[in-house]
Amino acid sequence: MSYLVMARRWRPQRFADVVGQEHVTRTLQRAIARGRVAHAYLFTGPRGVGKTTTARLLAMAVNDPELIDSGDGLPELDPDREQNRDIAAGSALDVIEIDGASNNKVEDVRQLRESIKYAPTSLAKKVYVIDEVHMLSQAAFNALLKTLEEPPDHAMFIFATTEAHKVPATVLSRCQRYDFKRIPTKQIREQLVKIVEADELAIDDDALTAISVKADGALRDALSILDQLVAYQGGERITEQVVRQALGLIGGEIYFRTTDLAASGDVSAALAVARDLTSGGHDPREFLRGLQQHVLRYLFLKAGGTADELTVTEEERARYADTLANLDDEDLLRIGEWASEAEDLLRDALDPVLRLELLLVRIAKMDRAVELGALLQRMGVEPDSFRTPRRRPQGPAAGATSAENGPGPGGGASGRGPEHGPERAPAGGTGAGGAGAESDPGRASAAKQQPGPVAVLDETDEPDEARPGSDSDTVAANGTSRERVNGADRAASPADHAAGEPEAAEQGETDTPEAESPNAPAAETGPGSGSDPRELDEEEPPAGDEPGITLVQVREAWLDFCDSVEDGRRLLGSHLERGAPTSLEDGSLEVTFEPACAFEFENVFKHRDEIGRAFRSQFGESRRIVVKKGTVPESLRPAKRPSEHEQRRQRFEQLLEQNPVWKQMVERFELK
């Protein structure tokens, strides 16, 4: 009798013998026990994991009227029963196994449809097992649909495939799908131990581990490799060295030599590794895949895993534990990333060996990762000293005057037009015409850092009365302030100081009826208030008739304006920023959006009245907001907001200029 390979000789004859697919076998056993067996099944998964074997076992179970008890209440097969032996041997007439790759035409399906009408000859069910069903043509699938959905009571289908995504959805919806998974390396090794003991083979444990890893989750591959090694040795003991020599595997020692290059920096050792790989006839891509697995094991251990959980030999397990402290996480990640990139480049490389040598030299010359915090501590610098609190940029509206607790000496800042830079404001007195106010130091600091129309109060400065010639703004008792715009005085409405009203309300302050009307006569100012009564007698000119804001100034302050709109309504400022101010004529501000910004255009158009009120608060002028679509010339586009990365870089450069020690450290160690 001819020799029967291990993969066939040790094929499971019971559900309990199937390795690593308990989620499938248990479900099928329960369905059989309750009489809920479907008429069509689809088994999918990688190669060599038991799809066809389970299909045969299911065919045995539906045709076996006397199933035995497995001990846990589930039905089990009796392999010694004659009909089960016939099905296992492939000689049963009513269990038809079809190769989908060679029987994939409409004529083959038509023949199946004709034969399925006839009752089974000796069994209760006629079972059609179609392997590699994804190879059927589209026309063959379509011809099978009706029969698959409503087969005769005596027939059932079992499909097996490694590529379920190629099976049409119309077929998948008519089947119960079971996904087979890769068998864990540990379970493959345990099954190999049973087979080796039963066949009385001499093999080392490390050799079994190498075979299990090489099988890559497929038990059939593992049995085929074991068969090959037994023939290779001819009855002698099989060692790990024999396995690597017979299969051309790359030893674990060469991977440890590769990662050691990062610590030693020895270029000659890197070239020696490349020379050993070339002389051994190893595939560079296989080495790179193994190197990535080697790095992943290190990262697993650094994440808290134990060496006993690694599927490696005992010698390699001890080597991982001993060398774990020599490599940092960042270095391991860089080596793994470089190996992955090199693997992709090797596909089109004319000289793969050269690429491999360059990678190994790159690892040897790699700069070791340095933890910046630990380095600062060794230099005597506290790492927390350069951590600055993050602040949201404040626009002019956020920097408006706010009333604080109680009367007393303090400074007041009034809203300014965008043509003014940061300007000192008078210190308000406690007279009848002035409300005592203190500027928020944090807000004033944020305002100093932002370009645009921001009023900044320096609490250490003297009042404006002490500085002759000061043309600072004044705040009247009725809440109306005066600003000097392009050399002309004008009145700013109480809306310019809206940011301070809630705080004043909290302190119990109330406005007089005269303060509610911008045309009400101004109250007499008390001594020391710093107000000029002549300014308060003037009337506010109509919007559009005054020499007010220009389009250039609006573009320069556009980002700050969008921020103030964002504070009032979420996302509206971000959407407004996608547009560009293109015209400021006839009392209107024209905002143009590119055609691609249709969503932002609709949102801004919907809330244009709210944007107009924000414009009044920001710039002190009333403008009607006109929203249109079109192409914005490059000359009319406002400045772009710097990216978050650019902002961090600028802040870091400022810190370096303020701290020469840090700057010297960055330049010395080439930190990035």
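A short reminder: the numbers here are calculations on the coordinates, not readings from a lab. What you see is a predicted model; the values in this text were computed from it and never measured. Note that each Cβ is placed from the backbone with ideal geometry, even for glycine, and that neighbours are counted across all protein chains shown.
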Distances longer than 23 Å among the Cα atoms of segment 269-372: what percent of all pairs is that? 32 percent
Label segment 151-284 by shape, choosing from rounded, prolate and oblate, from the square roots a ≥ b ≥ c of the eigenvalues of the Cα gyration tensor; if a/c is under 1.5 it is rounded, and otherwise prolate applies when a/b is larger than b/c, oblate when it is not. oblate
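For Ala246 and Ala318 in one chain, what is 0.36 nm times their gap in residues minus the Cα-Cα distance, to one decimal in nm?
Working: separation 72, 0.36 × 72 = 25.92 nm, distance 2.53 nm.
Taking 0.36 nm per residue and subtracting the Cα distance, the gain is 23.4 nm.
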Cα coordinate range in segment 612-672, projected on the principal axes (Å, largest first): 56, 29, 17
Honestly segment 257-306 on the Cα gyration tensor test (a ≥ b ≥ c root eigenvalues; a/c under 1.5 rounded, otherwise a/b vs b/c for prolate or oblate) is just oblate
Neighbourhood net charge (11 Å Cβ-Cβ; Lys/Arg +1, Asp/Glu -1) for Arg285: -1
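Any idea what % of Cα-Cα pairs in segment 559-672 are farther than 22 Å? Don't skip to the answer; put the middle values down first.
Details: 2899 of 6441 pairs.
Roughly 45 percent, once rounded to a whole number.
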Less than 13 Å Cβ to Cβ from Pro184, Lys/Arg counted +1 and Asp/Glu -1: what total charge do the surrounding residues give? 0
Which residues qualify? For Lys126, with a placed amide H closer than 5 Å and at least 5 residues away or on another chain, they are Ala155, Met156
The relative contact order of segment 1-146, taking Cα pairs under 8 Å that sit 6 or more residues apart, comes to a percentage of 22 percent
So which GluC sites (Glu not before Pro) in segment 1-110 end up in coil per DSSP with only 15 or fewer other C-beta atoms within 10 Å? Glu66
Backbone N under 17 Å from the Gln111 label point (7 Å along Cα→Cβ), restricted to segment 142-167: 143-144
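Note down the Stokes-Einstein diffusion coefficient of segment 206-308 in µm²/s, whole number, using a Kirkwood radius over alpha carbon pairs, 10 °C, and 1.306 mPa s.
On the way: Rh = 15.3 Å.
The Stokes-Einstein estimate is 104 µm²/s.
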Starting at the first residue of segment 16-30, write each ³J(HN,Hα) from the Karplus equation 6.51 cos²θ - 1.76 cosθ + 1.60 with θ = phi - 60°, in whole Hz, x for Gly and Pro. 5, 7, 6, 9, x, 10, 4, 5, 8, 5, 5, 5, 5, 5, 5
Under a plain spin-label model, where a point goes 7 Å from the Cα along Cα-to-Cβ, how far apart in nm are Val552 and Leu271? 6.5 nm
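Could you tell me the convex hull volume per residue, in Å³, taken over the Cα atoms of segment 1-111? All intermediate terms of the calculation are to be shown ahead of the outcome.
Working: hull volume 16.6 nm³, N = 111.
Per residue, the Cα convex hull of segment 1-111 comes to 149 Å³.
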What do you get when you divide the Cα radius of gyration of segment 78-218 by 2.2 N^0.38 Å, with N the number of residues? 1.35
Around Gly305 (Cβ within 12 Å, Cβ-to-Cβ, excluding Gly305; K/R +1, D/E -1) the net charge comes to +1
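Could the peptides 351-360, 197-206 be put in order, highest first, of the mean number of other beta-carbon atoms found within 10 Å of their residues?
Values: 351-360: 17.4, 197-206: 13.1.
So the order, starting with the most tightly packed, is 351-360, 197-206.
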What are the residues whose amide H is under 5 Å from the amide H of Tyr41, where those residues sit 5 or more places off or on another chain and H is modelled from the backbone? Phe157, Ile158, Phe159, Gln176
Just to check I understand the Karplus step: with θ = phi - 60° and J = 6.51 cos²θ - 1.76 cosθ + 1.60, what whole-Hz values come out for segment 355-367, glycine and proline as x? 4, 5, 5, 5, 5, 5, 5, 4, 5, 5, 8, 5, 6
Theoretical FRET efficiency, 1/(1+(r/R0)^6), r = Cβ-Cβ of Ala119 and Leu201, R0 45 Å, to 0.05: 0.45
Within segment 577-591, name every residue whose backbone N is under 18 Å away from a label modeled 7 Å from Cα of Arg624 along the Cβ vector. 582-591
Contour excess over end-to-end distance, with Cα ends at Val37 and Gln658 and 0.36 nm allotted per residue: 215.8 nm
